[in-house]
Structures are given as structure tokens and as C-alpha cells.
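The block underneath contains the structure these notes are about, expressed in C-alpha cells.
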Amino acid sequence: MSVAEKSEQEKKQRYNFNKLEKRLRRHVGRAIEDFNMIENGDKVMVCLSGGKDSYTLLAILRFLQKIAPIQFSLIAVNLDQKQPGFPEHILPEYLRAEGVDFRIIEEDTYSIVKEKIPEGKTTCALCSRLRRGILYRVAKELGATKIALGHHRDDMLETLMLNMFYGGKMKSMPPKLVSDNGEHVVIRPLAYVREKDIEKYASYAAFPIIPCNLCGSQENLQRKAIKEMLRQWDRQFPGRIESMFTAMQNIVPSHLADHQLFDFKSIQADGQENVNGDTAFDQPTPTEFLNFRDTEDDAANEDGASGVIQVRNLS
């Protein structure tokens, strides 16, 4: 490759990275606004695991902090759970170099989990509960008013499908909620962000990724199966994932079957025409998902493209 060709390639990569970064910032900003995630004077504790999602979350929040019309502070917190081989120097070195206020919390939850969980069984559930309790305690000690987690759109869809298939509930990860102990507000600013965009961004940014399998635990096989199913759908049926996520934001309780959520018992015929009365899916397929084409991805290889995804009703 000639010097000129290499220069042109680097220029194109920088262009694509800038466009991707703008898209991520736009999605995070919209989620924060839609759900009132961050308010003036907030102290946001960003939970940093060392994975691609939490690195991306911290980077986008730091940018928005500079341009937001409100004032809020950020503090990154990492929980060192003493897994064998955990590279404890990576995060402090990265955060110091970036000038980020941070705390490293050392708690040996690894030994507790290994003691309680039989060999070969997944440790994720217990590990998550222990980690959550510690982070809530730390948030209180730091005076944090919001706890920011790095879950993204695909995590929310996977959780919805897991609960439907295995839990018998129509339930997912909300973008904003009150913590288990009732003392904290937990936010997920990446709620509108696609995992594949995060993967590209983390690769471009060259974050020092720490693997999440240091404990030796098997990945949750049910979630793994759901993730692969959704990725296959995304490849085979473009637009299906976008439609599913839009559905999560357009709930119609009168056309489900939860009698505690909707008062079916008091329904009476009143002689008034109801255009939505017995309509479930009688209308044609919504045009915004017909022949869906992800122009954000297509535009990654085209100079001068807008980078706007051609799907309506995403908010």
C-alpha cells in the first residue's frame, strides 16, 4: 500500500469514526432527555467494568457533560472482585491518563461465589447480586444521585425475550428505575444504542478491554441462545429488531391479557364505534419496516452520506 493510499484509508476511517460517534452521542442524548435521566446538580456514578459497553458509556457521558445546558459531575467506579488474573492496573492507568475522577473498590466476591456455587454451574446470578449490593453501598458513600449502567438496546431486547420464554413475564430492562433497596435511581443511557455500534466504536477507540470471563464461569446459555437468535434475525430479516424495540415503546394494555393492568371486567358495549376494538394485526405491515435498509451501515463506506437511519418511530 502506497503512502497516499494509506493516508486516504486513515482519512476514511476517521470520517467513519466521527460519524459513528455523533450517532452514539445523539442516541444517548435523546435517551437522557426522554427519560429525564440526568438533572442539574446530579452526581452520576458510572459503573465501569472494563468492557466495551461501560467504556463507551463513560466516553459519551464525558462529552455530553461538556456541552449540556445543565451541570452534573461524573465519577467512575470499578469493582475489583479479585478474580484470578484480573489486570488491576489497566483501569487506574486509563482513567488517570484520561483525567477521570474514579474509585476502585476491592471486594473478594469471587471466593464467596466459588464457595456457594457448585463446580460447572454459572456463577453470574449470585455474582451480579453481590456486585449490585456493593455498588449501591458505594453510591451512598460517594453521595451519588444516579447510578449509570452500560446496558444497551440489545440487552433490553434479550431480557424481554428471556422473560417471555423462560419467566412467563412481559418484562425487560427499563431505561430508568429505582434500585432494589429503594435508595438509588439507576439509569441506562445506552438504551437506544445498538450493540454493533458499540462494538465498532470500542474497536475504533482502542479501549483497553478487560475480558469478563476471568472467573471461569460459563456464559448464561439461555441468554447466549437468545442473543444468537436476535443476531440471526437481524441478518435475515432487516428491520425486525428495530420493529421489536419500537414495540417496547408502544404498549397497548387493552390488547394484552393482564387483568390487573387493564380493567377488562368493567368493559361494556356502549353503542359507540371503536375503530381499535377488535383489531389486533389487521392492518398492513408498517411501511417503515418494509424492505428495511440500514443506511447507517451502508453509509459507513460512502463519503458524504447522511448517516441517518431510515426508520421512523424510534422514540
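To the nearest 20 Debye, how big is the dipole of the chain about its Cα centre, given +1 on the beta carbon of each Lys and Arg and -1 on that of each Asp and Glu?
Computed charge dipole of the chain: roughly 580 debye.
Stick to the Cα atoms of segment 100-181, pair each with every other, and give me the Kirkwood hydrodynamic radius in Å at one decimal.
This gives a value of 15.2 Å.
Distance between the C-alpha centers of segment 130-208 and segment 7-83? Whole Å please.
First find each Cα centre; the distance between them is then 14 Å.
Treating only the Cβ atoms of Lys and Arg (+1) and Asp and Glu (-1) as charged, compute the dipole magnitude of segment 85-133 about its Cα centre; round to the nearest 20 debye.
Using Cβ point charges on Lys, Arg, Asp and Glu, segment 85-133 gives about 340 debye.
Is the shape of segment 141-201 best called rounded, prolate or oblate, per the rule: a/c under 1.5 gives rounded, else a/b larger than b/c gives prolate, else oblate, with a ≥ b ≥ c the square roots of the Cα gyration tensor eigenvalues?
oblate
Could you give the length gained by full extension between ARG25 and ARG240, i.e. 0.36 nm per residue of separation minus their alpha carbon distance, to one decimal place?
75.0 nm
Top mean-square fluctuation among GLY167, GLY271, GLY133, Gaussian network model of the chain, C-alpha springs under 10 Å?
Maximum fluctuation in the GNM of the chain, among the listed residues, is at GLY271.
Quick check on the chain: helices-only [θ] at 222 nm, where DSSP H runs of length 4 and up contribute -39,500 (n - 2.57) each and the sum goes over total residues. Nearest 500, please.
Theoretical 222 nm ellipticity from helices: -13500 deg cm²/dmol.
Which longest run of the chain has no exposed loop site in it, a site being GluC sites (Glu not before Pro) in a DSSP loop with at most 15 other beta carbons within 10 Å, and the site itself not part of the run?
The segment 120-182 is the longest one with no such site.
Given the options ALA144, ALA31, ALA97, which has the most mean-square fluctuation in a GNM of the chain, springs set between C-alpha atoms less than 10 angstrom apart?
Residue with maximal mean-square fluctuation among ALA144, ALA31, ALA97: ALA97.
Plugging the Kirkwood radius over Cα pairs into Stokes-Einstein for segment 16-218, at a temperature of 10 °C and a viscosity of 1.306 mPa s, what D comes out in µm²/s?
Translational diffusion coefficient: 89 µm²/s.
Report for the chain the percent antiparallel among DSSP-assigned beta bridges with both residues inside it, nearest 5.
Of all bridge pairs located within the chain, approximately 15 percent are antiparallel.
Of the chain, which part is the longest with no chymotrypsin sites (Phe, Trp or Tyr not before Pro) in a loop (DSSP not H, G, I, E, B) and with at most 13 other C-beta atoms within 10 angstrom?
That gives 1-263 as the longest site-free run.
Bear in mind these aren't lab numbers, they're just calculated from the coordinates by the rules spelled out. Values in this document were obtained by computation on a predicted structure and should not be read as measured data. Methodologically, a virtual Cβ is constructed for each residue, glycine included, from the backbone with ideal geometry; neighbour enumeration extends over all protein chains shown.
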